[in-house]
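The values are calculated or read from the model by the stated rules, or taken from the named source; none is laboratory data. What you see is a predicted model, and the numbers here were worked out from it, not measured in a lab. Every residue, glycine as well, gets a Cβ built from its backbone with ideal geometry; the counts of neighbours run over all protein chains shown. Heavy atoms of the whole protein, side chains included, go into the accessibility calculation; ligands, DNA and RNA do not. Shrake-Rupley method; radii C 1.70, N 1.55, O 1.52, S 1.80 Å.
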Amino acid sequence: MIHYLQCNNCGNRNEMKSEYVVFCTSCGQKLDNNFTQWQRRNPGGTFEDFKRNACFTEDQLPPAIPIKKGKILKSRSLKEKILIVVITTIFAAVGSWLGSAAVTALKNNKKTDEKVLSEQWVKKTYGTYQLTLETPWELKSSTPPPLPENIKRMLEKMETFETSNDNQFKVGVIEAKYNPAEIGELNMQGAADGAVNEVKGMQGVTNFVYSEDSYSVRNLPGFIQRGTYTQNGYHIAFINIGIVKDLNYWQVMVLSRRDDKVAEQAAERIIQSIQINYPS
């Protein structure tokens, strides 16, 4: 039986396919009473409990939210549906790229040395679209993950930066701008789902658990995902941040050993340092 959660912003009825549906698939706003919020109020409650108690089925459809004056609610066009697929595909590739690189980087490394926290960090602005952050080591420009040709055409530009594989934990940055001739507006949930779903589906990945919350930089909307997983015997923790403005998208991901407390502190410092020099 299909269960839905209605968006209080635009009235869209969002199918609850998994506990990770946090943003409205139509307007991109965070859903009130999503599973994460509901579970905080109902410790121990399962996703099935959530669907049964907080959602509705097709035969229980509530009345649509009245249309605000000056706005017309429309079902997604074919172009918008294609856009969701495009964004998910791109960030699925990103997730696979960073996830694979993390395992490679972690294979031969010990836990992060505490001196990383006291040494002078590098503060640098990366890419055409001006994302600044502080890291223990300078990020290097790298080759973006491979994408199908039809997807590439929908991107005006994509740049990637990462730490080298001999560093003690992995930091990756993605900056992308979509082609205005192909794309109308970005769908935040498509971006949020893309990377984590691909990492979750990678060969050898088990015990994948994460939470998702809203996030912003200079009032630019975004999301932050924190989680852990096991891949081929390696226990990995990650933080993934995505930020959206018009047709621009920025992503920062930090991956480390799950029990590496120093890397965990470093990751928090990295994400606190994020700045985007986007014109107001």
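Go through the range 235-250 residue by residue and tally those that are closer than 17 Å to TYR210 by Cα and of a type outside the set (A, V, I, L, M, F, W, C).
Number of matching residues: 3.
So the check is Cβ under 9 Å with 6+ separation or different chains; which pairs have a first residue in the range 117-145 that's open to solvent by less than 20 Å² (accessible area, probe 1.4 Å) and a second one that's in a strand (DSSP E or B) and among the basic types (Lys, Arg)?
Pairs that qualify, where the first residue is open to solvent by less than 20 Å² (accessible area, probe 1.4 Å) and the partner is in a strand (DSSP E or B) and among the basic types (Lys, Arg), are THR132/LYS123; THR132/LYS124; LEU133/LYS123; LEU133/LYS124; THR135/LYS123; THR135/LYS124; LEU139/LYS124.
Given the condition out of contact with any Cys (no Cβ under 7 Å at 6 or more places or on another chain) and either assigned to a strand (DSSP E or B) or modelled with pLDDT of 85 or more (or both), answer yes or no: does some residue in the range 182-205 qualify?
Yes.
Restrict the check to the range 27-34 and report whether at least one residue is over 20 Å from PHE208 (Cβ atoms), part of a helix (DSSP H, G or I) and either of a type outside the set (Lys, Arg) or open to solvent by 30 Å² or more (accessible area, probe 1.4 Å) (or both).
No, the conditions are met nowhere in the range 27-34.
Kindly indicate whether any position in the range 216-239 is open to solvent by 20 Å² or more (accessible area, probe 1.4 Å), among the charged types (D, E, K, R) and at pLDDT below 85.
Within the range 216-239, one or more residues are open to solvent by 20 Å² or more (accessible area, probe 1.4 Å), among the charged types (D, E, K, R) and at pLDDT below 85.
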